[in-house]
1. Determine the per residue accessible area of the chain with all protein chains present and a 1.4 angstrom probe, expressed in square angstrom.
2. I'd like the FRET efficiency for Arg76 and Asn230, computed as 1/(1 + (r/R0)^6) with the beta carbon distance as r and R0 of 60 Å, rounded to 0.05.
3. What is the percent carbon and sulfur in the accessible area of the chain, measuring with a 1.4 Å probe over the protein chains and ignoring ligands?
4. Work out the length of the dipole vector of the chain about its Cα centre, built from +1 on the beta-carbon of each Lys and Arg and -1 on the beta-carbon of each Asp and Glu, and round it to the nearest 20 debye.
5. With both partners inside the chain, how many of the DSSP beta bridges are antiparallel, as a percent to the nearest 5?
6. Return the calculated 222 nm mean residue ellipticity for the chain, to the nearest 500 deg cm²/dmol, obtained by summing -39500 (n - 2.57) across DSSP H runs with n ≥ 4 and dividing by the residue count.
7. Defining a contact as two alpha carbons under 8 Å apart and six or more residues distant in sequence, what relative contact order in percent does the range 25-201 show?
8. Quick check: the angle from helix 274-284's long axis to the longest principal axis of the chain, C-alpha only, nearest 10 degrees?
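The values are calculated or read from the model by the stated rules, or taken from the named source; none is laboratory data. All of these numbers come straight from a predicted model, not from anything done at the bench. Cβ placement follows ideal geometry from the backbone for every residue including glycine, while neighbour counts extend to all protein chains displayed. Please note that ligands, DNA and RNA were not included when accessible areas were found on the heavy atoms of the full protein model with its side chains. Shrake-Rupley method; radii C 1.70, N 1.55, O 1.52, S 1.80 Å.
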Amino acid sequence: MVFVWQIDKKCSDTLQFMADLTGKHIVLGLSGGIACYKAAELCRALIKEGATVQVVMSEAAAQFITPVTMQALSGRPVFTSQWDERQDNNMAHINLGREADAIVIAPASADFIAKLLHGRADDLLSLMCLARPIDKVPLLIAPAMNREMWAHPATQRNLAQLQADGATLLGVGSGFQACGETGDGRMLEPQELLQDVVAFFQPKVLAGQFVLVTAGPTYEALDPVRGITNLSSGKMGFAIARAAHEAGAQVTLVAGPVSQPTPRGVQRIDVRSAQEMQAAVMLRIGAASVFVATAAVADWRPAEAAEHKIKKASSGLPPFISLTENPDILGAVAQLPRAQLKVGEKGRLFCVGFAAESQDLLHNTSAKRERKGVPLLVGNIGPATFGQDDNALLLVDANNVRELAHNTKLALARQLVADIARRLHA
Ligand code: CTP
């Protein structure tokens with residue numbers, strides 16, 4: 001049987017991708033703090049990502065941003081009082097919490113955090129948090145406060161206890177604060193909070209795993225201003241690092257020269273050449289349980305990089321450039337003796353390679369998998385996907401071929417992560 005596989009260009013032009021929070025209902029709670037201005041953008045971001053959003057505000061929050069603004073952005077009436085008569089049974093604190101897939105408190109002021117900790121319920125927002133079914137409706141907290149308030153032992157004690165009580169702490173940012181001081185305690189930016197909320201809903205199929213990912217091109221210097229590189233954008237590798245982190249893994253990303261933003265919660269090591277990438281990988285591979293090599297490593301580098309810029313010769317002849325082969329990072333990792341590796345559940349490191357081909361994908365991917373000596377190789381058509389946000393993948397192992405249909409790189413990365421998790425737990 002001839003297996004024909006190619007990216008359907010028509011499909012790629014018209015396919016509508018599903019937003020990450022489609023079908024999720026978020027209750028967005030605002031307590032009083034200057035960071036309320038960021039809650040407006042968070043509300044929009046959640047809705048753009050497919051969620052429905054019900055806003056509940058404390059009286060103090062309404063001093064910083066009006067319920068009118070939040071109503072206009074969420075498309076729903078905002079609730080601020082436990083005495084609100086709009087609900088038939090007059091029990092907004094029960095009804096609003098029961099419908100939620102999660103309650104997100106952003107901003108969570110120091111005072112509101114203290115209130116939550118003590119189970120106080122003297123306004124609608126705290127009442128609703130206390131009355132929520134604790135096993136069914138998760139509570140996510142995005143603190144926002146002055147650096148001294150953040151560092152105060154009372155705040156840290158309260159947050160530790162709130163987490164022990166089952167709440168999820170979304171962390172804080174650091175930097176210039178509205179009060180004029182600089183330090184920790186700023187509310188995370190709306191896009192960061194959005195990523196955290198999206199991640200919260202992803203299944204934790206890689207919990208306890210340590211995943212090492214390579215991504216992007218390498219750059220092989222010819223002289224101080226020129227070099228050999230390729231068109232890889234790093235997007236697929238960055239998406240895999242993000243998806244692995246969302247799935248609960250500890251993730252280190254060794255990245256060639258690309259301008260992608262680092263996914264939240266991922267440790268990033270920037271490198272330039274294949275040799276630097278190899279050194280960074282070998283330093284960390286001993287702790288890894290999964291290695292995913294997506295980097296488009298340059299196969300060759302100039303045998304010698306000139307110390308100064310190579311000048312045009314008066315003869316008009318181009319310079320002679322001698323190339324030497326780069327180390328095969330994936331190939332070398334796959335050959336590492338067990339003693340140098342973390343002995344996981346199955347006593348081995350699980351290696352995944354990528355093949356960026358321009359033709360005959362199945363044949364080239366299968367052959368490359370055997371040559372590299374890895375259990376799973378993922379084929380894709382390089383020229384069709386370099387720099388794009390979407391792709392289609394072919395997963396090839398010793399016995400099977402599985403096609404992951406055209407989708408966003410992040411959606412494909414999540415499917416690949418789920419596939420890897422199944423193999424680890426098989
Ligand atoms: N790879 C690597 N080190 C290299 C070359 C490739 O780790 N020096 C990894 C890539 O990250 C990828 C896989 O090996 O996971 C296949 O890369 P690819 O460039 O497609 O394969 P090559 O071995 O270079 O073969 P060719 O270029 O001849 O197709």
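1. Numbers: 20870 Å² over 426 residues.
Per residue, the chain has an accessible area of 49 Å².
2. 0.80
3. On the chain, the fraction of accessible area on carbon and sulfur atoms equals 51 percent.
4. With Lys and Arg at +1 and Asp and Glu at -1, about 840 debye.
5. 30 percent
6. -9500 deg cm²/dmol
7. Numbers: 352 pairs, mean separation 40.5, N = 177.
This gives 23 percent for the range 25-201.
8. 50 degrees
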